[in-house]
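Each remark here refers to the structure printed beneath this line.
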Amino acid sequence: MTGIEASHNSPHTEALDRLCSALPPFGDVAEFDSEESKARGTLSWVISAALASGSQPRDVIPTDPTTCPNCGVAMGLERSPYCSDKCREEAAFVRQLRGSLQSGVAFEEERQVALGQKLWRILGGGLPLRQALVPEKTRLQVIKRYEGRCDVCGAPAVTIDHTGSG
């Protein structure tokens, strides 16, 4: 994921340092006691990586309409400037995180959980907080209804997800 780089001694780095210290340290997410802690721990992972990289943020990125503005992959003209939904979601996450840091809401625990959930979904982990709300009986009924197969790709399914939510 690109865009959350931090240069040393910048106001941006100070905000990321402050946010990182407010989050639980990322380790084995399975050891966290709640889904909220897991989401905040996931956010901690990406913030720590941004601080460790020490790379310089770029103020202006040259615009080339033939490449994805998130990853730089060459692409044809389409309706979206991004090469994929994943690149679009990553760029949106970076904008949300930057906006939250600028406004100060990133330091509120509820917002950290929301940002962590968004990141978790981008990384391919689904929406665990929403899945935790579904009773086990209901989850098993849904899996049985679809004969244990994903309705999208047909692969064996052990979890449920509503891709249009969140």
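Key figures for this structure:
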quantity: Tabulated pairs, the range 146-160, first more than 17 Å from Val134 (Cβ to Cβ) and at pLDDT 80 or above, second open to solvent by 100 Å² or more (accessible area, probe 1.4 Å) and assigned to a loop (DSSP other than H, G, I, E, B), C-beta under 8 angstrom, 6+ apart or interchain; calculated: none
quantity: The range 8-61, subset surrounded by 12 or more Cβ atoms within 10 Å (Cβ to Cβ) and not in a helix (DSSP H, G or I), residue modelled with the highest pLDDT; calculated: Leu23
quantity: Among (1) at pLDDT 85 or above; (2) over 19 Å from the mean Cα position of the chain (by Cα) - the single one Gln102 does not satisfy; calculated: (2)
quantity: First in the range 62-82 and under 13 Å from Ala92 (Cα atoms) and at pLDDT 75 or above, second anywhere and open to solvent by 100 Å² or more (accessible area, probe 1.4 Å) and not basic (Lys, Arg), Cβ under 8 Å, 6 or more apart; calculated: Pro69/Thr63
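The values are calculated or read from the model by the stated rules, or taken from the named source; none is laboratory data. Treat the numbers as computed from the prediction; the structure is a model and nothing was measured. Backbone-built Cβ (ideal geometry, glycine too); neighbour counts: all protein chains shown. Areas reflect the complete protein model, heavy atoms only, side chains present, ligands, DNA and RNA absent. Shrake-Rupley method; radii C 1.70, N 1.55, O 1.52, S 1.80 Å.
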